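Q: To start, I am sharing the structure in question, which I have written as structure tokens.
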Amino acid sequence: MTGIWHDLLLGTAGVIAWVVIVFGLIQTIVYLLQLVIAAYALSKRPPVARSSLLWHRYSDIAPPISLIVPAYNEQINIVESVHSMLALEYPAYEVIVVNDGSKDETLKRMIEAFELVPVQRSYEETLKHEPIRGIYASSRSDRLFVVDKSNGGKADAQNAGINVCRAPIFCVIDGDSILEPDALLRAVQPFIEDPERTIAVGGTIRIANNSTIESGRVKTIRLPNKLLPLFQVVEYLRAFLMARLAWSQSTRSCSFPERSVFSGGGRLWR
Amino acid sequence: MTASLIRFSEDGERQALALVLEEIPPAIVIDSGFEFLSLLRGDERRRIEDVFGATDLPDFVRKRLRKGNEAERIHSAEILTAFPGTSSTNALLEALADRSPEVRIAAAISLNALGALPPLQKVFGLIGSRSLRSRRLIDLFESLPTDRRSELLVTALKQDDSPFARAAAIEALSRSGDYSFVRELEDSAHDPSPEVAASALRALGRSAHPAAAETVLASLENPDWEVRREAAEAAGRIGIPAAVEPLTSLLGDSEWAVRYAAGNALKEIGAAGMEALQRTAMEEASRSQRTASLILSEGLAA
């Protein structure tokens, strides 16, 4: 009897080992392929023009963008993040912060910092989300709107932001993220150069732990001191510089339904 | 580099600036020099361009237009407008056949700035269909001189041109503020391409010309929602009293953008429109009622 169990266990362990080895090999091969494809895509990509040139070139024809910022318990950095978003170099954009039922003082701090007042703004509930409790506009900036809603999670907050926004292009970004000043101007390029065929573009997200940030801008870039964030840096480089570029290159001819909605942050969608 | 340019703009010493430029690699002069130039206008700008033009820079830029990477070629095409003349024009004409669509369109824009753009239909043939999808086409069309607007009209009305190019031509015509094109644009509002029809209706709305009322009213029933939305906005801008009834019907349209445009148009039309909105808002709960109610409540919360 013991012999049968022994054989069964050995057999099962063998199968699991083979599954792990085979899937590990497949994953490594996929990553290697992605690396090659991403390298090819990068070599074909033209060098990025300076932001002053992009402004000169595109400012008159750049389409409006809604920046949607889901925020949950972000009282520590929400005001600074919003300040940096309001200082972006882009001719026509609005910032819609969605307070997703925060339990801390996220909303209160924004009301005080940006002199928010309640407004009525028409919108259609095309995408389902938890009820909106109120919409606020800032007396200090025409660009800023804050949507206060019951908690429903990040995707739910994104849906509310998408319903309320009015620009033809939207970008979802986390409340604790920082955008380069000319990020929108760079990201919108494909929408200008080939508006009919472009439905979405992505940016590269980096870890800013240990970097120096002043007035919502990264002043000095440094690597994190701790081991786990260091792994995260490598993983982000793999995910954003390798995997996305490779998939983008491989699926260039894919088409999506007109009203496709994708999850995720740091990207522009039409 | 920038310090020398600032000094030159104060003292006008050409020789001193020329000596500095000789010491600096041309690629740096192009990058930082033209960034500085983009801040200047008029005589001050022209004086610095003259000094740049007297060096080897124009030849360097023309060479880079042929042999640089894509970003350099686009930038070279843009800054060649600072060095007018046959050599620059020829280099830009050659760039109309560049392998990159963005370089081709940049070359066309610069040729237009130099007053050397070939006839539009010829340019379309040279820059190809890919460039005809870029929004920079709008830049090109809008900067065309007044005496070439008839070419835009030909493009707008030419059925076999790309809908994007035709819509861009209509957009440029409407921004020119010239009312003589209103009649022609009315025909475009019935175009089978929704993109062209929507652009024509936007143009008619921008003109606010009452002669367009009939066309706008007919387009409120167009099967394409973007055309209906533009027609609704145009009806509001022109202020067509006869549009109150069809706009009230559009408050129940299947597309939110159309309902929203119809509601705002009713507001713009004035007393009759506001009355229709208020009446609809008081009716039984329906899509139209909700739209009217939302439109009326928009603004500062009570």
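Q: Looking for something among the hydroxyl-bearing types (Ser, Thr, Tyr) and over 30 Å from A:Val117 (Cβ atoms) - is there at least one such residue anywhere in region B:255-278? Don't jump to the end; show me each part of the working.
A: Taking region B:255-278 and keeping what is among the hydroxyl-bearing types (Ser, Thr, Tyr), we get B:260.
The next check asks that each one be over 30 Å from A:Val117 (Cβ atoms); those that pass are none.
Scanning region B:255-278, I find no residue that is among the hydroxyl-bearing types (Ser, Thr, Tyr) and over 30 Å from A:Val117 (Cβ atoms), so the answer is no.
Q: Anything in region B:13-27 that is exposed (fewer than 12 other Cβ atoms within 10 Å of the Cβ) and more than 13 Å from B:Asp56 (Cα to Cα)? List them, or say none. Reasoning before the result, please.
A: Looking only at region B:13-27, we keep the residues that are exposed (fewer than 12 other Cβ atoms within 10 Å of the Cβ), and these are B:15, B:19, B:22-23, B:25.
Of everything in region B:13-27, just one residue is exposed (fewer than 12 other Cβ atoms within 10 Å of the Cβ) and more than 13 Å from B:Asp56 (Cα to Cα), namely B:Gln15.
Q: In region A:90-129, what residues are in a helix (DSSP H, G or I) and either closer than 29 Å to B:Ser293 by Cβ or not assigned by TED's automatic domain parsing to the domain that holds A:Leu67 (or both)?
A: Of everything in region A:90-129, those that are in a helix (DSSP H, G or I) and either closer than 29 Å to B:Ser293 by Cβ or not assigned by TED's automatic domain parsing to the domain that holds A:Leu67 (or both) turn out to be A:Leu107, A:Met110, A:Ile111, A:Phe114.
Q: Still on this model: Which residue, of B:Ser110, B:Ser76, is over 20 Å from the mean Cα position of the chain (by Cα), closer than 26 Å to A:Ser51 by Cα, in a helix (DSSP H, G or I) and not aromatic (Phe, Trp, Tyr)? Please lay out each step first, then the result.
A: Working: B:Ser110 fails: over 20 Å from the mean Cα position of the chain (by Cα).
Only one candidate passes the filter, namely B:Ser76.
Q: Regarding region A:146-168, can at least one residue be identified that is under 30 Å from B:Val103 (Cα atoms), among the small types (Gly, Ala, Ser) and assigned by TED's automatic domain parsing to the domain that holds A:Gly216? I'd like the intermediate steps shown before the answer.
A: Here is the first cut: in region A:146-168, the residues under 30 Å from B:Val103 (Cα atoms) are A:167-168.
Of the ones still in play, those that are also among the small types (Gly, Ala, Ser) are A:167.
Pick out the ones that are also assigned by TED's automatic domain parsing to the domain that holds A:Gly216 and you get A:167.
Taking every residue of region A:146-168 in turn, at least one turns out to be under 30 Å from B:Val103 (Cα atoms), among the small types (Gly, Ala, Ser) and assigned by TED's automatic domain parsing to the domain that holds A:Gly216.
Q: For region A:52-66, indicate whether the set of residues that are of a type in the set (S, T, N, Q), touching a strand residue (DSSP E or B) at 6+ places or on another chain (Cβ under 9 Å) and either in the same structural domain as A:Ala92 (by TED's automatic domain parsing) or in contact (Cβ under 8 Å) with a residue 24 or more places away in the chain (or both) is non-empty. So that I can check it myself, show each step before the final result.
A: Keep residues of region A:52-66 that are of a type in the set (S, T, N, Q), which gives A:52, A:59, A:66.
Filter once more, keeping what is touching a strand residue (DSSP E or B) at 6+ places or on another chain (Cβ under 9 Å): A:66.
Of the ones still in play, those that are also either in the same structural domain as A:Ala92 (by TED's automatic domain parsing) or in contact (Cβ under 8 Å) with a residue 24 or more places away in the chain (or both) are A:66.
Yes, region A:52-66 contains a residue that is of a type in the set (S, T, N, Q), touching a strand residue (DSSP E or B) at 6+ places or on another chain (Cβ under 9 Å) and either in the same structural domain as A:Ala92 (by TED's automatic domain parsing) or in contact (Cβ under 8 Å) with a residue 24 or more places away in the chain (or both).
Q: Something else: Within the bounds of region A:53-66, is there any residue that is of a type outside the set (Ser, Thr, Tyr), in contact with a helix residue (DSSP H, G or I) (Cβ under 9 Å, 6 or more places away or on another chain) and within 30 Å of A:Gly152 (Cβ to Cβ)?
A: Here is the first cut: in region A:53-66, the ones of a type outside the set (Ser, Thr, Tyr) are A:53-57, A:60-65.
If we keep only those that are in contact with a helix residue (DSSP H, G or I) (Cβ under 9 Å, 6 or more places away or on another chain) too, we end up with A:53-57, A:60-63, A:65.
Restricting the remaining residues to those that are within 30 Å of A:Gly152 (Cβ to Cβ) gives A:63, A:65.
Yes, some residue in region A:53-66 is of a type outside the set (Ser, Thr, Tyr), in contact with a helix residue (DSSP H, G or I) (Cβ under 9 Å, 6 or more places away or on another chain) and within 30 Å of A:Gly152 (Cβ to Cβ).
Q: Next up: Determine which single condition B:Ser38 fails, assuming it passes every other condition in (1) within 14 Å of chain A (Cβ to nearest Cβ); (2) of a type in the set (Ser, Thr, Tyr); (3) in contact (Cβ under 8 Å) with a residue 24 or more places away in the chain.
A: (3)
Q: Also: If B:Gly125 satisfies all but one of (1) within 14 Å of chain A (Cβ to nearest Cβ); (2) surrounded by fewer than 21 Cβ atoms within 10 Å (Cβ to Cβ), what's the number of the condition it fails?
A: Condition not satisfied by B:Gly125: (1).
Q: Is there a residue in region B:74-89 that is loosely packed, with under 15 Cβ neighbours inside 10 Å, within 14 Å of chain A (Cβ to nearest Cβ) and either out of contact with any Lys or Arg (no Cβ under 9 Å at 6 or more places or on another chain) or modelled with pLDDT of 90 or more (or both)?
A: Initial filter on region B:74-89 (loosely packed, with under 15 Cβ neighbours inside 10 Å): B:85-87.
Next, only the ones that are within 14 Å of chain A (Cβ to nearest Cβ) stay: none.
Among the residues of region B:74-89, not one is loosely packed, with under 15 Cβ neighbours inside 10 Å, within 14 Å of chain A (Cβ to nearest Cβ) and either out of contact with any Lys or Arg (no Cβ under 9 Å at 6 or more places or on another chain) or modelled with pLDDT of 90 or more (or both), which makes the answer no.
Q: From the set of residues in region B:45-70 that are within 28 Å of the chain's Cα centre (by Cα) and acidic (Asp, Glu), which is farthest from B:Ala107 (Cα to Cα)?
A: Only one residue tops the list, namely B:Glu49.
Q: Let me ask something else about it. Tell me which of these A:Arg121 doesn't satisfy, since it passes every other one: (1) within 30 Å of B:Phe36 (Cα to Cα); (2) in contact (Cβ under 8 Å) with a residue 40 or more places away in the chain; (3) within 10 Å of chain B (Cβ to nearest Cβ).
A: Single failed check for A:Arg121: (1).
Q: Which numbered condition in (1) among the polar types (S, T, N, Q); (2) buried (at least 18 other Cβ atoms within 10 Å of the Cβ); (3) within 14 Å of another protein chain (Cβ to nearest Cβ) is the only one that B:Asn69 fails?
A: Every condition holds for B:Asn69 apart from (2).
Q: Something else now. Select, from B:Ala257, B:Ala261, B:Ala271, B:Ala281, the only residue that is within 14 Å of chain A (Cβ to nearest Cβ), surrounded by fewer than 18 Cβ atoms within 10 Å (Cβ to Cβ) and either of a type in the set (A, V, I, L, M) or in contact (Cβ under 8 Å) with a residue 60 or more places away in the chain (or both). Write out each step before concluding.
A: Working: B:Ala261 fails: surrounded by fewer than 18 Cβ atoms within 10 Å (Cβ to Cβ); B:Ala271 fails: within 14 Å of chain A (Cβ to nearest Cβ); B:Ala281 fails: surrounded by fewer than 18 Cβ atoms within 10 Å (Cβ to Cβ).
Result of the check over B:Ala257, B:Ala261, B:Ala271, B:Ala281: B:Ala257.
Q: Taking region B:195-222, which residues are assigned to a loop (DSSP other than H, G, I, E, B) and more than 24 Å from B:Phe164 (Cβ to Cβ)? Explain how you work it out, then say what you get.
A: So in region B:195-222, the residues assigned to a loop (DSSP other than H, G, I, E, B) come out as B:208-209, B:220-222.
B:Ala208, B:His209, B:Leu220, B:Glu221 - these are the residues of region B:195-222 that are assigned to a loop (DSSP other than H, G, I, E, B) and more than 24 Å from B:Phe164 (Cβ to Cβ).
The values are calculated or read from the model by the stated rules, or taken from the named source; none is laboratory data. Since the model is a prediction, treat every value here as computed from it, not as a measurement. Cβ: placed from backbone, ideal geometry, glycine included. Neighbour counts: every protein chain shown.
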